[in-house]
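Everything below concerns the one structure shown next.
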DNA sequence: CCACTGACTACTT
DNA sequence: CAAGTAGCCAGTG
């Protein structure tokens with residue numbers, strides 16, 4: 001297990017409720033600014049064994065990239081339940097909800 | 001061990 | 001502003 005991977009897990013687990021984070025942001029905090037795609041893999045692989053709050057992860061545009069029947073609905077519902085707001089274009093206001101570490 | 005596969009991102013057309 | 005392209009790199013089988 002690489003350090004990077006562990007860090008990513010840590011970061012994901014430390015995202016506060018009601019906040020979201022981008023792939024790039026997580027990768028960056030984990031020490032690999034260019035590893036956005038690896039974050040994706042980690043979420044897929046690790047969330048199966050560990051129970052990571054994958055629903056707090058979104059892309060750089062503040063949107064969920066998943067097909068609707070693949071977790072999109074669940075993710076949106078969970079986020080809204082935590083207070084995150086989606087605009088009329090289903091985008092999240094990153095200025096208010098993006099978490100960049102403590 | 002090698003190849004494939006990604007919920008990406010930033011830049012260029 | 002939409003669409004294409006090139007970096008990116010480790011988990012899984």
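Here are a few things to note about the model shown:
- Residue list for the range A:68-93, filter: within 16 Å of DNA strand C (Cβ to nearest atom) and either exposed (fewer than 14 other Cβ atoms within 10 Å of the Cβ) or part of a helix (DSSP H, G or I) (or both): A:87, A:88, A:89, A:90
- Lone unmet requirement of (1) in contact (Cβ under 8 Å) with a residue 40 or more places away in the chain; (2) outside any helix (DSSP H, G or I); (3) buried (at least 18 other Cβ atoms within 10 Å of the Cβ) for residue A:32: (1)
- Residue within the range A:13-22 that is closer than 18 Å to residue A:79 by Cα, outside any helix (DSSP H, G or I), near DNA strand B (Cβ under 7 Å from one of its atoms) and touching a strand residue (DSSP E or B) at 6+ places or on another chain (Cβ under 9 Å) present: yes
- Residues located in the range A:35-56, provided they are assigned to a helix (DSSP H, G or I), over 23 Å from residue A:95 (Cα atoms) and more than 6 Å from DNA strand B (Cβ to nearest atom): A:42, A:45, A:46, A:47, A:48, A:49
- Verdict on residue A:56 being modelled with pLDDT of 95 or more and crowded, with 18+ Cβ neighbours inside 10 Å: yes
The values are calculated or read from the model by the stated rules, or taken from the named source; none is laboratory data. It should be emphasised that the depicted structure is a prediction, and the values quoted were computed from it without experimental measurement. Heads up, the Cβs are rebuilt from the backbone with ideal geometry, glycines too, and the neighbour counts pull from every protein chain shown.
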